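Below you'll find the structure, written out as structure tokens, and then a few comments.
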Amino acid sequence: MVVQLQKEALEKIKRTGATGLLIDVSSLDIIDSFVARSVINIARAAKHLGTATVITGISPEIALTLLQMGFRWSEVETAINIEHGFEKLEKQKRALKKHK
Amino acid sequence: MSARVDLSKLSEKYKQTGEDTNKMISATEENIKKLNEQRTHLSRAISSFDSVLSSASKGDLSSRVDLRQISKEYKQTGENINKMISATKEATEDLESLLKELSTPCIKLWEQIVAMPLVGTMTSDRARDAMETILRSITEYDARVAIIDITGVLVIDTMVADRLIKTLKAIKILGAEPVLTGLSPDIASTLVGIGIELDAVTKPSLADGLGYALEFVNKEIREVSKES
């Protein structure tokens, strides 16, 4: 399912020319290393496509799981809720534009 | 006391006396037997009470008097001891949970800002509770900034320092900004000595931390002139 999500999300970015991608995981109770890795990969791939990416709604439980997995989570932007996520998206978009 | 007067060898005249003597010896024997039995019961009960009470006095409140092994007359005492230990255990547990609640309070300091002041001796258990509490509060209040104030903590060991770093990292994973305030010189040296990179903002006092946090959520503290 997560593989399909990755494919669909990236294709949709390509098709619509979206400049921002927001992945909300607030309805996930638990997460395994494969899903975590895949979500990070989606975010990374979207960045390569020139799209700002933010992951929102991480629960304390998931945060602890991710911490234990020892991922380098810092390469992906995270936000508390969707509103906060949009703010961070805007900030990233501005930074990306400057880069170009 | 197995010796008895041989009645067959006595003449009729002394038979009655002999019989009485035998009866008296038998009765005495019976009494001694009863007393011995009672003594065993008593010592069994006392040793049972003693082992339970001594382990309770050492802080282990899990052992109980085994009422099946105690004779009837001491059962009530045994039951009372069990009740007393149970009540003590309950009271201790209540206090422990209260202490746990009180020791890691997390408060909403402002819109989108939560703070957790830590006071006293930090154990790794307390550090773990603190971590859970602050992460939960961040998601509950949708906080953008989380301040951990350790002004009231005098020393920390490596385990607690490690937990603290993990907590700051977890706050970052949630998407909030961690701020560590009130580091004492000792703790600052400890952290540097361990050689961990503190990838969080640190401020000398809680007030500075609040100033930074307000700035982070686009607010500022301003002096206003009052017309007198």
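So the values come out like this:
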| read-out | value |
| --- | --- |
| First in region B:166-179 and touching a residue at least 24 places away in the same chain (Cβ under 8 Å), second anywhere and part of a strand (DSSP E or B) and surrounded by fewer than 22 Cβ atoms within 10 Å (Cβ to Cβ), Cβ under 6 Å, 6 or more apart | B:Val179/B:Val201 |
| In region B:105-144, residue nearest to the other protein chains (Cβ to nearest Cβ) [restricted to those that are small (Gly, Ala, Ser) and part of a helix (DSSP H, G or I)] | B:Ser137 |
| Of the criteria (1) within 14 Å of chain B (Cβ to nearest Cβ); (2) crowded, with 16+ Cβ neighbours inside 10 Å, which one A:Ile13 fails | (1) |
| Sole residue being within 33 Å of the chain's Cα centre (by Cα) and among the charged types (D, E, K, R), chosen from B:Glu132, B:Glu220, B:Glu177 | B:Glu132 |
| Residue in region B:145-157 that is nearest to the other protein chains (Cβ to nearest Cβ), counting only those that are touching a residue at least 60 places away in the same chain (Cβ under 8 Å) and of a type in the set (A, V, I, L, M) | B:Val145 |
| Selection within region A:56-70 - of a type in the set (Gly, Ala, Ser), more than 8 Å from chain B (Cβ to nearest Cβ) and under 16 Å from A:Ser27 (Cα atoms) | A:Gly57 |
| Selected residue [more than 30 Å from B:Thr88 (Cα to Cα) and either modelled with pLDDT of 90 or more or touching a strand residue (DSSP E or B) at 6+ places or on another chain (Cβ under 7 Å) (or both)] from B:Ser26, B:Ser43 | B:Ser26 |
| Positions within region A:1-28 being within 18 Å of A:Lys88 (Cα to Cα), hydrophobic (A, V, I, L, M, F, W, C) and either assigned to a strand (DSSP E or B) or modelled with pLDDT under 85 (or both), in sequence order | A:Ala18, A:Leu21, A:Leu22, A:Ile23 |
| Matching residues, region B:37-69, being hydroxyl-bearing (Ser, Thr, Tyr) and either within 24 Å of the chain's Cα centre (by Cα) or surrounded by 12 or more Cβ atoms within 10 Å (Cβ to Cβ) (or both) | B:Ser48, B:Ser51, B:Ser54, B:Ser55, B:Ser57, B:Ser62, B:Ser63 |
| Residue within region B:76-96 that is within 30 Å of B:Leu183 (Cβ to Cβ) and either of a type in the set (S, T, N, Q) or without any contact (Cβ under 8 Å) to a residue 24 or more places away in the chain (or both) present | yes |
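One line per residue, one yes/no per condition, for (1) more than 9 Å from chain B (Cβ to nearest Cβ); (2) closer than 18 Å to B:Arg144 by Cα; (3) part of a strand (DSSP E or B); (4) not hydroxyl-bearing (Ser, Thr, Tyr):
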residue: A:Ile30; (1), (2), (3), (4): yes, no, no, yes
residue: A:Val35; (1), (2), (3), (4): yes, no, no, yes
residue: A:Val39; (1), (2), (3), (4): yes, no, no, yes
residue: A:Ala43; (1), (2), (3), (4): yes, no, no, yes
residue: A:Lys47; (1), (2), (3), (4): yes, no, no, yes
residue: A:Gly50; (1), (2), (3), (4): yes, no, no, yes
residue: A:Thr78; (1), (2), (3), (4): no, yes, yes, no
residue: A:Glu83; (1), (2), (3), (4): no, yes, no, yes
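The values are calculated or read from the model by the stated rules, or taken from the named source; none is laboratory data. Quick caveat: nothing in here was measured; it's all calculated off a predicted structure. Don't worry about glycine lacking a Cβ; one is built from the backbone with ideal geometry, like all the others, and counts go over all protein chains shown.
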